[in-house]
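Read-outs: derived from the displayed coordinates by stated rules, not from any lab. Computed from a prediction, not measured in an experiment: that's the story for all the values here. Because the Cβ atoms are built from the backbone with ideal geometry, glycine has one as well, and the counts that use them run over all protein chains shown.
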Amino acid sequence: MTVQDRRFGPDWLPRWELIALAVGDLIALIIFAALGRSSHNMDAGEGPLLAVLNTAAPFAVAWLLTGAAVGLYTGRALYPPGRVLLRTLLAGLIAGPFGVALRAVWLNRPIIWTFVLVATATSTLAMLVWRFAWSRLRRLWWPELP
């Protein structure tokens, strides 16, 4: 396989799209963290933005590592729609508990299993909505992409 074949193969994504995916993933996780903090009336002693970013950080690390491992940052992960949903769901089922574990280590707190279930479900739902929407928009705007 030549460099040219790899560049335009089904796994190839332009650099701008890789950045857009990562930024979109981070924004979805920041929204997830903000909604979670808000629903629990959590005090933002260090400032609301910093508090949300600190809450989102372990989930973002878990998501980005898991996403890279399961191939979410490839063209093949963004089409067809069924594959988008299945790969995102797989990544969420791994990244959710991983993010909770990282958060528990970060805060030196025990893992609460109900939090694992709720955080996994809600963060995965946020990612499913974002990534499915992106996969549909990119096909409308750039049908030549994989």
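The calculated Kirkwood hydrodynamic radius for the stretch 88-146 is 12.8 Å, given to one decimal from all distinct C-alpha pairs. Along the axis of the charge dipole computed for the chain (Cβ charges of +1 for Lys and Arg, -1 for Asp and Glu, origin at the Cα centre), the listed residues Phe59, Trp12, Ala101 are led at the positive end by Trp12. Going through (i) 1.02; (ii) 1.13; (iii) 1.26, the figure that equals Cα Rg over 2.2 N^0.38 Å as computed for the structure here is (ii). Counting charges near Thr124 (Lys, Arg +1; Asp, Glu -1) among other residues having Cβ under 15 Å from its Cβ returns a value of +1. Amide H to amide H distances under 5 Å link Leu72 with no residue, where only residues 5 or more positions off or on other chains count and H is placed in the peptide plane.
Working note: 222 nm ellipticity from helices only, DSSP H runs with n ≥ 4, each -39,500 (n - 2.57), summed and divided by the residues of the chain, gives -26000 deg cm²/dmol to the nearest 500.
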